[in-house]
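For reference, the structure discussed in these notes is given below.
Taken together, the values in this text are just the output of simple stated rules run on the coordinates, not laboratory data. From a predicted model like this one, the values you see are computed outputs, not experimental measurements. Cβ: placed from backbone, ideal geometry, glycine included. Neighbour counts: every protein chain shown.
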There are 2 protein chains.
Amino acid sequence: MVFEAQKKRALERLRILGAGEEVGEIQDKINSLDDGFFTTSSCSGRIILICLPEIGAKREARVIGKWHRQVRKGEVLEAMSNAMPSIKGEIWLIAQSPIVHVTCRSLDKATALLRIAIESGFKYSGIKAITKDNEKVMVELMSTERMDVPLASDDVMFCSEAYRDFILAKANFTLERGKDKLKRFGYELKEPE
Amino acid sequence: MVFEAQKKRALERLRILGAGEEVGEIQDKINSLDDGFFTTSSCSGRIILICLPEIGAKREARVIGKWHRQVRKGEVLEAMSNAMPSIKGEIWLIAQSPIVHVTCRSLDKATALLRIAIESGFKYSGIKAITKDNEKVMVELMSTERMDVPLASDDVMFCSEAYRDFILAKANFTLERGKDKLKRFGYELKEPE
């Protein structure tokens with residue numbers, strides 16, 4: 001399929017499925033900036049609670065709570081206690097950076113976008129794939145904000161309440177930092193020369 | 001400087017400075033695989049203790065302990081107590097994935113290497129920079145293994161001993177998983193076609 005048709009389909013999907021507020025603004029900006037870009041799956045950043053059936057098997061992780069905004073202690077505890085009776089393994093709280101996927105029509109456009117992203121603090125960004133004819137280049141924008149903390153193991157909550165409160169405050173702070181970076185990136189985002 | 005001269009200089013630097021055992025083997029393999037590749041700064045993965053003067057200011061972090069191997073509780077506690085009297089802020093324990101930087105002579109070589117890396121589990125890999133003439137492409141290989149856990153704040157160790165033991169076991173496990181991935185990548189690494 002030609003680039004224009006793929007872009008049209010991606011914009012249609014974005015219109016139907018929507019996106020988180022902060023990342024939606026960035027996607028709109030990228031999509032209207034230049035014919036040579038369109039965004040695909042993207043996220044403003046999130047806090048998730050996952051249950052890992054055994055050590056390190058993140059692939060088999062089950063998500064038991066997910067928030068794209070700051071979390072309150074009560075809702076985290078509720079998500080944990082809903083999952084608890086059946087848990088074998090561990091519960092981790094994870095705060096994730098925003099992520100934006102952009103398909104670019106040329107390598108020059110991709111590297112220009114990548115430079116702006118890295119300068120705006122999206123330091124884990126990179127080109128993830130290039131088609132054989134160099135006509136489509138997939139850029140992933142990601143920043144370093146991240147927290148991965150185990151909270152419970154085999155039905156036992158093994159961190160103190162004070163520590164858990166601290167972790168939640170940190171997770172909320174991490175999320176906000178990620179969203180601030182999205183704003184900064186949006187501000188830096190001008191038509192690449 | 002031409003590619004060959006840069007490669008020669010990079011190999012010389014590697015010979016003098018050395019590298020961690022596991023990543024050194026990978027670097028040797030990449031450097032001898034093909035004239036079109038050379039490695040620069042790389043790491044087998046590590047566990048670090050950092051002190052953050054204020055919330056989120058990772059840029060001003062001071063490293064107070066660093067290990068490229070499994071850690072024992074005693075040495076972590078010692079590093080913390082050495083730093084403790086003067087600490088304002090937080091102490092975090094961070095386990096980091098292996099990282100390998102490879103300069104590639106062409107885009108085709110870079111994308112071939114990237115494909116092998118992602119298939120071997122280095123899912124956070126990407127092309128980070130391309131020179132204007134497409135003659136040098138910098139690939140960063142990185143996997144998803146990562147843990148960032150706060151342990152103390154303003155001189156107070158606020159997690160229990162049992163929790164701290166668990167975190168250290170996790171950090172050691174994370175390090176080993178990263179090293180296993182390096183081995184798998186080395187095994188998959190054949191001359192790109």
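General observations
- Cβ-Cβ under 8 Å pairs, at least 6 apart or on other chains, the range B:151-170 side free of Cβ contacts under 8 Å to residues at least 60 places away in the same chain, far side surrounded by fewer than 13 Cβ atoms within 10 Å (Cβ to Cβ) and of a type in the set (A, V, I, L, M): B:158/A:162
- The residue that is surrounded by the fewest Cβ atoms within 10 Å (Cβ to Cβ), counting only those in the range B:143-179 that are more than 23 Å from residue A:97 (Cα to Cα) and touching an Asp or Glu at 6+ places or on another chain (Cβ under 6 Å), is B:153.
- Residues of the range B:90-107 satisfying the condition of being more than 9 Å from chain A (Cβ to nearest Cβ) and over 18 Å from residue B:66 (Cβ atoms): B:100, B:101, B:102, B:103, B:104, B:105, B:106
- Residue in the range A:3-14 that is aromatic (Phe, Trp, Tyr) and not in a helix (DSSP H, G or I) present: no
- Residues located in the range A:81-107, provided they are buried (at least 17 other Cβ atoms within 10 Å of the Cβ) and more than 18 Å from residue A:176 (Cα to Cα): A:83, A:87, A:89, A:90, A:91, A:92, A:101, A:102, A:103, A:104, A:105, A:107
- Set B:76, B:100: member being in contact (Cβ under 8 Å) with a residue 24 or more places away in the chain, outside any strand (DSSP E or B) and under 22 Å from residue B:147 (Cβ atoms): B:76
- Looking only at residues of the range B:19-32 that are of a type outside the set (Val, Ile, Thr) and under 13 Å from residue B:103 (Cα atoms), we find that the one that is surrounded by the most Cβ atoms within 10 Å (Cβ to Cβ) is B:27.
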